[in-house]
1. Of the conditions (1) closer than 25 Å to TYR252 by Cα; (2) surrounded by fewer than 24 Cβ atoms within 10 Å (Cβ to Cβ); (3) among the acidic types (Asp, Glu), ASP369 fails just one. Which one is it?
2. Would you tally the residues in region 384-401 being closer than 18 Å to ASN108 by Cα and among the hydrophobic types (A, V, I, L, M, F, W, C)?
3. Could you pull out the residue among ASP330, ASP369, ASP380, ASP317 that is out of contact with any helix residue (DSSP H, G or I) (no Cβ under 8 Å at 6 or more places or on another chain), acidic (Asp, Glu) and modelled with pLDDT under 95?
4. If I ask for residues that are part of a loop (DSSP other than H, G, I, E, B), closer than 21 Å to ILE344 by Cβ and out of contact with any Pro (no Cβ under 7 Å at 6 or more places or on another chain), which ones from region 396-406 would you list?
5. Might you check whether a residue that is closer than 22 Å to ALA158 by Cα and not in a loop (DSSP other than H, G, I, E, B) occurs anywhere in region 322-334?
6. Could you list, in sequence order, all residues of region 211-230 that are in a strand (DSSP E or B) and within 20 Å of ILE160 (Cβ to Cβ)?
7. List pairs: first residue in region 197-210 and in contact (Cβ under 8 Å) with a residue 40 or more places away in the chain and part of a loop (DSSP other than H, G, I, E, B), second residue buried (at least 24 other Cβ atoms within 10 Å of the Cβ) and of a type in the set (D, E, K, R) anywhere in the structure, Cβ distance under 7 angstrom, at least six positions apart or on different chains.
8. I need a count of the residues in region 91-131 that are in a strand (DSSP E or B) and either of a type in the set (Asp, Glu) or under 26 Å from ALA164 (Cα atoms) (or both).
Amino acid sequence: MKKIMQLRRWIFAIKNYELGSSFALALFLSPIALAVRPLQAQTLTTLYQFSGGDGAAPQGDLYRDKTGNLYGTTPNGGDGSGTIFEISATGVFSVLLRFSGTDGSTPNAGVLLASGGLYGTTYSGGAAGDGEVFKWKAGRLTVLYNFSGPDGAHPTAALIRDSAGNLYGTTFSGGTAPCSCGTIFKLDSSGNETVLYSFTGGADGRSPAGRLLRDAAGNLYGTASSGGIANCSGGCGTVFKLSPTGVFTVLYSFTGGADGGQPLAGLVRNGAGNLYGTASSGGTTTGNPCTDNGGCGVVFKVSKTGAETVLYTFTGDPDGSTPMADLLRDKAGNLYGTTQFGGIGFGTVFGISASGAYSTLWTFQKGTDGALPLAGLVRDTTGNLYGTASNGGNQFEQGVVFELTP
């Protein structure tokens, strides 16, 4: 329980929600100089700077369609409850929707484009105040489902969709009482919700925060941000698998040591079935500024048999610290991601090649380039990376959308 409360203290609350409504950690890490050089020079272009009425503090992953349009959300701004936005392939920014609270509030996650509509979740608002699943299409918002507690509450992750039109996701809390430790849910095309799994807060984990991954056989994979083995003072999180028949398996339980702890992001998978992700804390702490916070975080791999390998341990400066976003994996096996802190204190974009070589691709300055990225990246066919930073930008410092060009 102590470890769970520590995690919740780390997460600051947009709009004053206490148990982690946004996943922006209220930490400041003092950097030290270490010799890590980027493998390739990068150029960052700021595509848009938020000012409040158009949105604020973007933290969900962008969605990029085949024609180059970008879609995303902000949990703040608009009329006060967040927005859905679009940046066209020609660079034109549009607010598609300003949430009002009754139709949802605080969309922390990104959106999914399917069947001509955008699907997503809000952390709060809706009929019971526990968040919702929504669809936006042709200027109209439809609430597909309102959470109310036992069926889940406060979703923070983006949705995934199968070929039949079923949506899958996680909620950070809610589920079986008295734990309210979060759920894995399915929503069919008629709006019927099924709780596929309710976390207990024990060895299985607690408070899943990242997006699910679904394989061709229908197995779901994900992470729980806390819970797991008991010797981690409340649990440092797990990597799990849920079969189509409802069999739940803990593939790996973090210890909070060199292997990492408290994964807040989802997973990516290669053709051999290996899973890749980030843990926001843990890692080797000797000689880096993150000792008091349990480490700067790691990038990890978990094999089909549950063996974990740490691919990279963050050190703070100049490589970054506190990775909180999903990894992006390209066809060559290279991994890309962001860290919320580190660099000079305002976060980084990084790459890890298929051979394991680490590169700091960009260090945020808290100028027009932004600061404190909480979201993952998307990539176009020419290798350009797109993402958001939750802070920085113009004089309003409400965050940016950026493009990073090799």
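1. (1)
2. Matching residues across region 384-401 total 3.
3. Residue meeting the stated conditions: ASP317.
4. The answer is GLU397, and nothing else.
5. Checking region 322-334: at least one residue is closer than 22 Å to ALA158 by Cα and not in a loop (DSSP other than H, G, I, E, B).
6. LEU213, ARG214, LEU220, TYR221, GLY222, THR223, ALA224
7. Hits for this filter: GLY210/ASP326.
8. As a first pass, look at region 91-131 and keep what is in a strand (DSSP E or B): 93-98, 101, 104-105, 112-114, 117-122, 124-125, 130.
After this cut, where a residue has to be either of a type in the set (Asp, Glu) or under 26 Å from ALA164 (Cα atoms) (or both) as well, the list is 104, 112-114, 117-122, 130.
Within region 91-131, residues that are in a strand (DSSP E or B) and either of a type in the set (Asp, Glu) or under 26 Å from ALA164 (Cα atoms) (or both) number 11.
The values are calculated or read from the model by the stated rules, or taken from the named source; none is laboratory data. These numbers were taken from a predicted model, which means no experiment stands behind them. Glycine gets a Cβ as well: all are built from the backbone with ideal geometry, and neighbour counts include every protein chain shown.
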